[in-house]
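Every read-out reported here was derived from the displayed coordinates using simple, explicitly stated rules and does not represent laboratory data. Note that the structure is a prediction, hence the values are computed from the model and not measured. Positions of Cβ are generated from backbone atoms using ideal geometry, with glycine treated the same way; all protein chains shown enter the neighbour counts.
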Amino acid sequence: MTLSVPLDDEVMDFSSPRKSLKFKVDGDLFEAAPDVAAELAIEFMDLSNKIDETESTPEQQIAVLHAMFNMVLFPESAERFIGRLRDTQNPIGYEKINRIVKW
């Protein structure tokens, strides 16, 4: 199979169209990169599979959850987001986490 590529002066631009992805949870604004670095994406998939394992301890599941959000959110957003995972007055629960991850 041969692939033909036209030669001209055009420059293919693979830049991301946005500087960040923003989302809100109960008034808090969080930011993530518009794309996940390839190596982090592989780690993210591996970690997300590990959190589903029934043999992992609650401490391991919490560590995996924190690691996942530290990989995809900007540092300040990750810190606030993770803080809300244990916040009894302003929590982020599993239902919201699942919706955010799917988005």
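Restriction of the GluC sites (Glu not before Pro) in the stretch 15-79 to DSSP coil positions whose beta-carbon has at most 13 other beta-carbons within 10 angstrom yields E53, E55. With one equal scatterer per alpha carbon and no solvent term, the Debye-computed log10 I(q)/I(0) for the chain at 0.11, 0.15, 0.17, 0.22 1/Å reads -0.45, -0.70, -0.84, -1.30.
Near I100: Cβ cut-off under 15 Å, other residues only, Lys/Arg at +1 and Asp/Glu at -1. The net charge is +3. Within the stretch 23-91, which trypsin sites (Lys or Arg not before Pro) sit in a loop by DSSP and count at most 14 neighbouring Cβ atoms inside 10 Å? Sites meeting the loop and neighbour criteria: R86. Along the stretch 67-75 the Karplus relation, 6.51 cos²θ - 1.76 cosθ + 1.60 evaluated at θ = phi - 60°, assigns HN-Hα couplings of 4, 4, 6, 5, 6, 9, 9, 4, x Hz to successive residues, with x for each Gly and Pro.
Amide H contacts under 5 Å for L21: A32, A33, restricted to partners 5 or more places along the chain or on a different chain, H placed in the peptide plane at 1.01 Å from N. The dipole here belongs to the chain: it is taken about the Cα centre, uses +1 on the Cβ of Lys and Arg and -1 on the Cβ of Asp and Glu, and is about 560 debye. When the listed pairs K24/K96; K19/K96; K24/K50; K22/K50 are checked against a 20 Å cut-off, the alpha-carbon distance exceeds it for K19/K96; K24/K50; K22/K50.
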